[in-house]
Amino acid sequence: MPEVRLVKLRKEFKDIVAVRDVTIAFPTARVTCLLGPSGCGKTTMMRMIAGLEPPTAGDVYFGDERVTALPASKRKIGMVFQYPVVYRGISVYRNIEVPLIEEKLSAAERQRRIHEVIQILGLQESVDKDITQLDNGTRQKVAIARAVARQPQIILFDEPITSVDAEAKVQLKRSLKELTRQLRQTIIYVTHDQTEAMTLADQIALMKDGEIVQLDAPRRLYNRPNDVFGGWFLGNPGMNFFEHDLDTSEGSPRLITPLLPAPVSISGIDGDNRVTIGIRPEHVRIGPEQIPRAVRGAVVRKFIVVGGQYLVSVKLDERILKVKVSPGRGRQLQDEVWVECPLEWITVFGSDGRRIEAQLAMP
Ligand code: ADP
Ligand code: MG
């Protein structure tokens, strides 16, 4: 199976730059989620990979083959869009079968493949139904089955569950997880939904304003974003950010922040004297009693979020720190609390918003 490689790929629509000189490789036998807010250029990028949109500049490679000028019909790609593309008036079985007839497969092989995708996607009960009898989620499953049964080497999904209703979404997500685990193709899956990306991806390509900000394993992207954008976009809510000028009055730079009880030395910052530090709400420790390395704060807001956890807003100095805790701990917290921000969970960003490999140390 070929990897998909983009080299300085660019797309302009008049004065809009939708994709900005992107160079990236999507590995084979992996699910790469292309994650980013609406309008950041995900669909445009997918359409260029599929051959549906000519790039303004740059190239697309499948393995060693340059396919930039190859028409879509010759690229042998499977594609699933936001709205299911299926034939009405024929059965689910026939919907999956028709593209296989075009592939000139033997009847036995066709049957085997159809049976396989029906199993994986849980379409057994719908096999003989007409498309018009199905709900939106099941229709999308049929569209996926059609694309997958052809066994294309590269499969592109563009927000396939975005317009499916909430109930069907959970089920479809589970089927997709199962399916992508079994497929050995190069899979690129576009979504603006971080939980979807975190569940399905082997790796996530985080996109912003036509550029790939970071390509990493989901956990690594979450815990160590390369850019403040990743810290902000991922998480619910995202990272807490605090901007500080470093203190250099004693020679080597120190970070003085209301998050920590004492100044800490900071190294590896390469001359940047203004930094942004970030910490995720769930990485902060909090309690009603004093704990080591903690600072005192006041609870200004407390409410229960998805999963029963508490989101607590704590006032430190004049700033607000958001903390996420278990229900048991959340219930204990009243007006005065102690919060500890473990140094290993503090990420340091430079004035350009990019992460710095800085070391923080207690004196
Ligand atoms: P996403 O899929 O991430 O939501 P798109 O790739 O659809 O983003 O769009 C990226 C940018 O390009 C947007 O500003 C959008 O308005 C613009 N765009 C996309 N397609 C066209 C088009 N055919 N003509 C003009 N502008 C377009
Ligand atoms: Mg899109």
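Remarks
- Karplus-derived 3J(HN,Hα), 6.51/-1.76/1.60, for each residue of the range 238-244, Hz, glycine and proline x: x, 4, 7, 10, 9, 9, 9
- Once backbone amide H atoms are built at 1.01 Å from N, LYS208 has VAL213 as its partners under 5 Å, excluding neighbours fewer than 5 places away on the same chain.
- In the chain, the calculated helix contribution to ellipticity at 222 nm averages -7500 deg cm²/dmol per residue, counting -39,500 (n - 2.57) for every DSSP H run with n ≥ 4.
- Positive-pole candidate from GLN119, MET79, ALA107, dipole of the range 4-229, charges at beta carbon: ALA107
- Degrees between helix 107-121 axis and first principal axis of the chain (Cα, 0 to 90, nearest 10): 30
- Ordered by 1.4 Å accessible area with all protein chains kept, ILE96, ILE320, ILE291 run largest first as ILE320, ILE291, ILE96.
- Beta bridges by DSSP in the chain, antiparallel share as percent, to the nearest 5: 75
- Computed magnitude of the charge dipole of the range 168-207 (debye, nearest 20; Cβ of K, R +1, Cβ of D, E -1): 160
- Rounded percent of accessible protein surface that carbon and sulfur make up, the range 109-166, 1.4 Å probe: 39
- Whole-Hz ³J(HN,Hα) from phi, Karplus 6.51 cos²θ - 1.76 cosθ + 1.60, for the range 43-54, glycine and proline x: 5, 4, 5, 4, 5, 6, 5, 7, x, 8, 9, x
- Under the criterion of Cα pairs below 8 Å and six or more residues apart, the relative contact order for the range 103-191 equals 33 percent.
- Karplus-derived HN-Hα couplings along the range 212-219 (A = 6.51, B = -1.76, C = 1.60, θ = phi - 60°), whole Hz, x at Gly and Pro: 8, 7, 7, 10, 7, 4, x, 4
- Placing +1 on the Cβ of every Lys and Arg and -1 on the Cβ of every Asp and Glu, with nothing else charged, gives the chain a dipole about its Cα centre of roughly 940 debye.
- Computed from the C-beta positions of ASP135 and ASP209 and an R0 of 35 Å, the FRET efficiency is 0.45 to the nearest 0.05.
- Residue (of LEU172, GLN334, VAL7) at the positive-pole extreme of the chain, dipole from beta-carbon charges: LEU172
- Average accessible area per residue (Å²) across the chain - probe 1.4 Å, nucleic acids and ligands excluded: 48
- Nearest-20 debye value, the range 238-361 charge dipole, Cβ charges on Lys, Arg, Asp, Glu: 660
- Dipole axis of the range 4-229 (+1 Lys, Arg; -1 Asp, Glu on Cβ), positive-most option in VAL213, ILE187, GLN133: ILE187
- Using alpha-carbon coordinates, inclination of helix 166-182 to the longest axis of the chain, degrees: 80
- Portion, in percent, of the accessible area of the range 238-361 that falls on carbon or sulfur, probe 1.4 Å: 46
The values are calculated or read from the model by the stated rules, or taken from the named source; none is laboratory data. These numbers come from a predicted model, not from an experiment. Neighbour counts are summed over all protein chains in view; Cβ atoms, including those assigned to glycine, are modelled from backbone coordinates with ideal geometry. Note: accessible area is taken over every heavy atom of the protein model, side chains too, but ligands, DNA and RNA are not part of it. Shrake-Rupley method; radii C 1.70, N 1.55, O 1.52, S 1.80 Å.
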